[in-house]
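Peer 1: If you scroll down you'll find the structure; I have some questions about it.
The values are calculated or read from the model by the stated rules, or taken from the named source; none is laboratory data. A quick note: this is a predicted structure, and the numbers were derived from the prediction, not measured. Note that we place each Cβ from the backbone using ideal geometry, even for glycine, and neighbour counts take in every protein chain shown. The area values use the complete protein model at the heavy-atom level, side chains included, leaving out ligands, DNA and RNA. Shrake-Rupley method; radii C 1.70, N 1.55, O 1.52, S 1.80 Å.
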Amino acid sequence: MAKKIKRGAIYVCLILLALICLLPFLLMIVNATRSGVEITHSFTLIPSNHLGENWTALFAYVNLFRGFGNSLMVAIPATILTAYFSAITAYALAVYRFKGNGWLFKILVVFMMIPAQLSLIGFYNLCQKLHMVDSYLPLIIPAIASPGTVFFLRQYVQSTLSKALLEAARIDGAGELRTFWDIVLPIVKPGVGALAIFTFVNTWNDYFMQLIMLKSSDAITVSLGIARLQSEFATNYGLMMAGATLGAVPIVAVFICFQKYFTQGITMGAVKG
């Protein structure tokens, strides 16, 4: 009986925590149906009847269809490049024992501690000299070398990959790339899937770097488009909530599609053995 009460209390706490986490998302959806005046003057979780008006005004002010396409042009290549190069680098650092391996890992950890804003001026000057400002390359290329993702996958590879399996593959005559593609990648696929979700979400929601690097209206992304709805003297929060709701749809879709890999990647990589 005591076990059932304890389990019931745990379930109640988990349900309450889930509701607290879902409350901001629900509030965003409800406010997308309300006008800016209603949002400013009252708080409620009851939808209003201004959804059509907000959608019409939203697409009149900002071309979010173009923004969706532009955001996908940044998020998809960045996610693929991050997943591939982080996985193959993490595999090399976790499996091979070569001179300087430990120092490389320590340097990786140090780079994780350096804020990206610290190198922003130098990176922007470099992009100017290479004529890459107002293009998507400065937002995609840094994904090739991401210290945090390599660190995450290295720990995951060490906790899940069997060295005996690699030795068996080499005895059978498999080359290093074939070993990586046919043996290592399927085993660490849950970790790569979790990493892909994080990368896609961070790239899609990125505002700071996109604001610095993108200048023209044709290159506008969803994040920049929603930010443009905020004016200096007045802000229509109904339009902003409608734009934020629309911008959250791809993130939710990606998480639903890859949630199996996300849960496996978090749980399996947490315990060694």
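Peer 1: Tell me the relative contact order for the chain as a rounded percent, counting alpha carbon contacts under 8 Å between residues six or more apart.
Peer 2: That works out to 33 percent.
Peer 1: Another question about this same structure. In units of 2.2 N^0.38 Å, what is the alpha-carbon radius of gyration of the range 98-255?
Peer 2: Against the compact-globule rule of thumb, the ratio is 1.37.
Peer 1: On full extension of the chain, what length is gained from residue 124 through residue 215, given 0.36 nm per residue of separation minus the C-alpha to C-alpha distance?
Peer 2: 31.5 nm
Peer 1: Pop out the Kirkwood hydrodynamic radius of the range 20-174 from its pairwise C-alpha distances, inverse of mean 1/r, in Å to one decimal.
Peer 2: Evaluated on the range 20-174, it is 20.4 Å.
Peer 1: Cα-based Rg (one decimal) and Dmax (whole number) for the chain, in Å?
Peer 2: Both quantities, over Cα of the chain: 22.9, 72 Å.
Peer 1: Show that you can apply the helix-only estimate: for the chain, add -39,500 (n - 2.57) for every DSSP H stretch of four or more residues, divide by all residues, and state [θ] at 222 nm to the nearest 500.
Peer 2: The helix-only estimate for the chain comes to -23000 deg cm²/dmol at 222 nm.
Peer 1: Does anyone have the angle between helix 2-31 and the longest principal axis of the chain? Alpha-carbon axes, 0 to 90°, nearest 10?
Peer 2: Relative to the chain, helix 2-31 is tipped by roughly 50 degrees.
Peer 1: Taking each pair of different alpha-carbon atoms in the range 1-63 once, compute 1/r for the pair, average those values, and report the inverse of that mean as the Kirkwood hydrodynamic radius in Å to one decimal.
Peer 2: For the range 1-63, inverting the mean 1/r across all distinct Cα pairs yields 14.3 Å.
Peer 1: Would you mind calculating the gained length between residue 3 and residue 116 on full extension (0.36 nm times residue separation, minus the Cα-Cα distance), in nm to one decimal?
Peer 2: Difference between extended and current length: 35.8 nm.
Peer 1: Then there's this: Rounded to the nearest 10 degrees, what's the angle between the helix 64-95 long axis and the longest principal axis of the chain, both from Cα atoms, 0 to 90?
Peer 2: 20 degrees
Peer 1: Give the ranking of 134, 218 by solvent-accessible surface, highest area first, calculated with a 1.4 Å probe.
Peer 2: Heavy-atom accessible area, descending, gives 218, 134.
Peer 1: Still on this model: Could you tell me how many degrees, from 0 to 90 and to the nearest 10, lie between the Cα long axis of helix 101-113 and the main elongation axis, the longest principal axis, of the Cα atoms of the chain?
Peer 2: Taking the Cα atoms of the chain, the angle to 101-113 is about 10 degrees.
Peer 1: Ok, one more. Within the range 184-229, which chymotrypsin sites (Phe, Trp or Tyr not before Pro) sit in a loop by DSSP and count at most 16 neighbouring Cβ atoms inside 10 Å?
Peer 2: 207
Peer 1: Please count, across the chain, the pairs of lysine residues with Cα atoms under 20 Å apart that sit 8 or more places apart or on different chains.
Peer 2: 7
Peer 1: Protein chains only, probe 1.4 Å: how do 84, 237 rank by accessible area, largest first?
Peer 2: From most accessible down to least: 237, 84.
Peer 1: Continuing with the same structure: Note down the accessible area of residue 228, probe 1.4 Å, to the nearest 10 Å².
Peer 2: Surface open to solvent at residue 228 totals about 130 Å².
Peer 1: Then there's this: What accessible area per residue, rounded to a whole number of Å², is obtained for the range 167-265 using a probe radius of 1.4 Å?
Peer 2: On a per-residue basis, 52 Å².
Peer 1: Just to confirm the filter: which chymotrypsin sites (Phe, Trp or Tyr not before Pro) across the range 1-80 are DSSP coil and have at most 10 other Cβ within 10 angstrom of their Cβ?
Peer 2: When the chymotrypsin sites (Phe, Trp or Tyr not before Pro) of the range 1-80 are filtered for loop state and at most 10 Cβ neighbours within 10 Å, 43 remain.
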